[in-house]
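Below: the structure, in structure tokens.
The values are calculated or read from the model by the stated rules, or taken from the named source; none is laboratory data. It should be emphasised that the depicted structure is a prediction, and the values quoted were computed from it without experimental measurement. We place every Cβ from the backbone using ideal geometry, glycine too, and count neighbours over all the protein chains shown. Accessible surface areas use protein heavy atoms only, side chains included; no ligands, DNA or RNA. Shrake-Rupley method; radii C 1.70, N 1.55, O 1.52, S 1.80 Å.
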Amino acid sequence: MYEVFTPHLKQRSAGLDIARCLAILFVIAGHFFINTPAHDAIFQGPSMFLQGMGRTLFQANVPLFLILTGYLNLNKTISRKYYTGLIAVILSYVFISVITILFREHYVGEHYSAIQWILKITDFSAISYAWYIEMWIGLFLLTPFLNILWKNIETRRHKHILILTMYLLCALPDLFNRYGVHLVPGYWKVIYPCAFYFIGAYIREYRPEWSRLRLFGFIILCCLINPVFNALFVKNHSMIQLIGGGNGVIGMPLAAAVFLAVYHLDVRAGWCRRILQSISQVSLDMYLASYMFDVLFYNYFKTHHYTDQGQFGAWFFVIVPLVFARSYFFAIVKRRTFVLLRLPTK
């Protein structure tokens with residue numbers, strides 16, 4: 001989420017803005033299944049089938065951001081200018097953390113001492129979704145060295161092998177090490193940010209071309225695997241995640257397919273390009289702010305409208321747009337405040 005696009009509309013890639021907008025939309029949409037009892041709900045009926053498809057698709061959220069990171073930062077090198085890019089993100093994180101702390105104190109009713117709140121900022125728990133910032137800091141610091149590694153791999157075939165190796169390190173443990181069974185080495189599965197980074201770097205360097213129709217067909221097929229399996233073989237049980245998570249055996253190629261389907265799209269309408277650019281520029285702030293609006297809206301709608309998960313699925317089309325719009329408004333106000341105060345923005 002930290003890459004900086006050129007401010008000139010004609011020089012921007014609309015496709016990359018679309019990818020980033022999809023990523024933040026998928027984040028907010030994916031949180032629907034975190035903030036409702038979706039994981040424990042009995043899988044039955046058309047609504048749960050569609051929710052099962054959505055849960056798979058929206059797992060491409062953070063992977064899309066990581067692929068964008070590799071795509072946009074492939075040429076970053078060790079320099080003072082590069083490392084100063086850390087400042088804007090840290091300032092944003094601290095600022096939104098302070099706002100979130102005030103929200104948690106006065107709306108949620110959580111009371112801690114000043115020192116305890118400061119420690120929650122430093123351990124990335126002031127905002128429940130801020131684990132991404134902790135991960136991002138390490139990826140940011142590693143980026144110039146990942147680029148050195150990538151550019152010193154001599155052949156395209158060897159780069160294929162690197163990506164395949166990382167895929168196996170991440171995906172196989174996600175698939176086979178479950179329910180108390182440990183069938184494959186799983187220690188390095190947390191390397192998935194680097195795996196997605198290199199996928200983005202590969203796409204940037206070689207610009208692979210795939211039929212968009214085939215990519216959309218593959219995406220739909222991936223999203224059908226879990227609900228079809230559960231509809232056929234699972235009765236009176238919550239949905240079994242047959243294919244695992246976003247960094248799993250299906251999740252990784254799914255995220256790559258979504259990115260490949262949109263990254264070279266063109267948008268001619270200037271008003272549409274400006275909207276995409278505006279959302280893209282504040283996506284990180286939207287991500288961090290969305291926690292507060294999740295708490296607000298899910299608490300209200302679950303209290304007043306929740307009967308069961310199947311019935312509540314219809315409220316996805318109300319809550320997700322509300323959280324998205326409020327997060328965007330907050331992020332725009334925050335960005336303009338930083339500009340007025342002459343603080344660095346992403």
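Filter the stretch 331-346 down to residues that are of a type outside the set (Lys, Arg) and open to solvent by less than 40 Å² (accessible area, probe 1.4 Å) and give me whichever is nearest to residue 40 (Cα to Cα).
Applying the filter and picking the extreme gives 331.
Could you please find all residues in the stretch 279-297 being hydroxyl-bearing (Ser, Thr, Tyr) and open to solvent by less than 20 Å² (accessible area, probe 1.4 Å)?
Of the stretch 279-297, the ones hydroxyl-bearing (Ser, Thr, Tyr) are 280, 283, 287, 290-291.
Result: 280, 283, 287, 290.
If a residue has to be more than 27 Å from residue 205 (Cβ to Cβ), open to solvent by 70 Å² or more (accessible area, probe 1.4 Å) and out of contact with any Phe, Trp or Tyr (no Cβ under 8 Å at 6 or more places or on another chain) to count, how many in the stretch 33-92 make the cut?
7
Looking at 101, 115, can you tell me which residue is open to solvent by 30 Å² or more (accessible area, probe 1.4 Å), in a helix (DSSP H, G or I), at pLDDT 95 or above and more than 24 Å from residue 196 (Cα to Cα)?
Answer to the selection: 115.
Answer with yes or no whether residue 293 is part of a helix (DSSP H, G or I), touching a residue at least 40 places away in the same chain (Cβ under 8 Å) and within 30 Å of residue 49 (Cα to Cα).
For residue 293, the condition - part of a helix (DSSP H, G or I), touching a residue at least 40 places away in the same chain (Cβ under 8 Å) and within 30 Å of residue 49 (Cα to Cα) - is not met.
I'd like to verify a number: residues in the stretch 44-77 that are small (Gly, Ala, Ser), under 20 Å from the mean Cα position of the chain (by Cα) and either modelled with pLDDT under 95 or not in a helix (DSSP H, G or I) (or both), how many?
1
Checking the structure you have, find out if any residue of the stretch 76-92 is in contact with an Asp or Glu (Cβ under 7 Å, 6 or more places away or on another chain) and under 24 Å from residue 337 (Cα atoms).
Within the stretch 76-92, one or more residues are in contact with an Asp or Glu (Cβ under 7 Å, 6 or more places away or on another chain) and under 24 Å from residue 337 (Cα atoms).
Taking only the stretch 315-330 into account, find how many residues are open to solvent by 50 Å² or more (accessible area, probe 1.4 Å) and in contact (Cβ under 8 Å) with a residue 12 or more places away in the chain. Step through it out loud before you land on a result.
First, pick out the residues of the stretch 315-330 that are open to solvent by 50 Å² or more (accessible area, probe 1.4 Å): 315, 317-318, 321-322, 325-326, 328-329.
From the residues that got through so far, the ones that are in contact (Cβ under 8 Å) with a residue 12 or more places away in the chain too are 315, 318, 322, 326, 328.
Of the residues in that region, 5 qualify.
Cβ-Cβ under 9 Å, sequence separation 6+ or interchain: first residue in the stretch 232-256 and at positive phi, partner outside any helix (DSSP H, G or I) and not polar (S, T, N, Q). Which pairs?
That search, which allows pairs on different chains as well, returns 236/42; 236/43; 244/178; 244/250.
Quick check, is residue 169 part of a helix (DSSP H, G or I), open to solvent by 40 Å² or more (accessible area, probe 1.4 Å), touching a Lys or Arg at 6+ places or on another chain (Cβ under 8 Å) and over 16 Å from residue 62 (Cα atoms)?
yes
Restrict the check to the stretch 306-324 and report whether at least one residue is farther than 26 Å from residue 45 by Cα and either part of a loop (DSSP other than H, G, I, E, B) or of a type in the set (Phe, Trp, Tyr) (or both).
Yes, that holds for at least one residue.
Six or more apart or on different chains, Cβ under 9 Å: which pairs go from a residue in the stretch 147-158 that's touching a residue at least 60 places away in the same chain (Cβ under 8 Å) and surrounded by 11 or more Cβ atoms within 10 Å (Cβ to Cβ) to one that's of a type in the set (Val, Ile, Thr) and part of a loop (DSSP other than H, G, I, E, B)? Could you list them?
Matching pairs, first to second residue: 147/77.
Restricted to the stretch 123-132, and to residues that are surrounded by 12 or more Cβ atoms within 10 Å (Cβ to Cβ) and free of Cβ contacts under 8 Å to residues at least 60 places away in the same chain, which residue is nearest to the chain's Cα centre (by Cα)?
Residue satisfying both the conditions and the ranking: 131.
Which of the residues belonging to the stretch 57-73 are within 14 Å of residue 132 (Cβ to Cβ) and of a type in the set (Ser, Thr, Tyr)? Give the steps one after another, and end with the answer.
First, pick out the residues of the stretch 57-73 that are within 14 Å of residue 132 (Cβ to Cβ): 61-66, 68-69.
69 - this is the single residue of the stretch 57-73 that is within 14 Å of residue 132 (Cβ to Cβ) and of a type in the set (Ser, Thr, Tyr).
In the stretch 298-314, which residues are surrounded by fewer than 19 Cβ atoms within 10 Å (Cβ to Cβ) and either under 28 Å from residue 125 (Cβ atoms) or hydroxyl-bearing (Ser, Thr, Tyr) (or both)?
299, 300, 301, 302, 303, 306, 307
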